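Here the structure comes first, spelled out in structure tokens, and everything after it is commentary.
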Amino acid sequence: MSNEGESGPRRARSAHARGMRLSSRGWSQEAAKCFREAVELDPDRVESWDALAASLAEIQDLPGALHAQLEAHLRSPDDPALRLNLGNLLHHFGPQLAIESLEAAAQDEDLAPDAHLTLGLLHADLGRHHLARHHLEETLSRDPDDIEALQELAALMIEQDEVKEAIGLLRRALELEPEAPELWLDLARAYATQRLQSPARDALRRAEEVGGAGPDLALIDALLAALEGNTEAALLSLQRAYRDPGERELPLEFLDDPAFESLRDRPEFRALLEGGG
């Protein structure tokens, strides 16, 4: 006769099998109940956690799906199929799940500034610039001195050709944190976009003084050199930036700026466009 310790796994197998039959018919909610029963009876049953995650995702219970998928992954972290399922879940539902959680957090007045800031960053990453701007402005309405919100809103405004307004935001951020090289670099870029070469050079020089370096500085230096007619210096700075981009891939769209028109027939410039550095 089987003891009680053996009955749990046996009953879990039976519940799992019922869940699979229901899932094959498209009855995801009923299937989820069976898979949940299976993992309650046998918490180490990885395939039931995995199947529960899939069923919960089908009925849009995203927090539950993520929890179940992580339970499966934690029990078998080296299983490539589980890694794939977790990756797919995060890819398809991760941003939506984050947005839902952050929007709920934004209802709490104490948490609202941070929640709106993260929502703004997330929507910006997803290319939803109108929503990103709304949430960043909500952050600043509650905390006008939030430097990250000032900087990110300025970046959005530059992309939307509201450069004068962006410059005002960046100067406000620099009043609060004058030793931040990334703010000086953004200000230099904004001035360069407006073809205001002298203040752009001043901002770029200040960025270097406070520790600014790397590909962003080289890109702005290249743009200013091109605007000043110094094509050789512009090309050298571009090559320096694209050959050593650091931890991120630099956008080739930067090279579309009309300031680089005189470089377009140079083989070195064409190599940059082709990703050859």
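For the range 33-121, the fraction of C-alpha pairs more than 19 angstrom apart is 46%.
The mean of 1/r over all distinct Cα pairs in the range 149-277, once inverted, gives the Kirkwood hydrodynamic radius of 14.8 Å.
Take the convex hull of the alpha carbons in the chain; its mean projected area over all directions comes to 20.3 nm².
Once the piece of chain linking residue 143 and residue 79 is laid out straight, how much longer is it, given 0.36 nm per residue of separation minus the C-alpha distance between them?
My answer for the length gained is 18.5 nm.
The length gained on full extension between residue 134 and residue 40, counted as 0.36 nm times the residue separation minus their Cα-Cα distance, comes to 29.5 nm. Calculate how steeply helix 129-142 sits against the longest principal axis of the alpha-carbon atoms of the chain, using the helix alpha-carbon long axis, and give the answer as 0 to 90 degrees to the nearest 10. The angle comes out at about 80 degrees. If you wrap the Cα atoms of the range 29-186 in a convex hull and average its projected area over all directions, you get 11.9 nm². Shape descriptor for the range 82-151: Rg over Rh equals 1.07 (Cα atoms; Rh from the Kirkwood inverse mean 1/r). In this calculation the C-beta distance from residue 171 to residue 195 is compared with R0 = 25 Å, giving a FRET efficiency of 0.85. Rounded to the nearest 10 degrees, the angle from helix 28-41 to the longest Cα principal axis of the chain is 70 degrees. Taken along the Cα-to-beta-carbon direction at a fixed 7 Å, the label points for residue 25 and residue 205 span 7.9 nm.
Spin-label pair residue 17-residue 232: with each label point 7 Å from Cα along the Cα-Cβ axis, the two points sit 8.2 nm from one another. Between residue 88 and residue 67, the contour length at 0.36 nm per residue exceeds the Cα-Cα span by 6.1 nm. Once R0 is set to 41 Å, what does the formula 1/(1 + (r/R0)^6) return for the Cβ-Cβ distance between residue 266 and residue 111, expressed as a FRET efficiency to the nearest 0.05? Calculated value: 0.20.
None of the figures in this text is laboratory data; all of them are computed from the coordinates on show. What you see is a predicted model, and the numbers here were worked out from it, not measured in a lab. In this analysis, Cβ positions are derived from the backbone assuming ideal geometry, glycine residues included, and neighbour counts consider all displayed protein chains.
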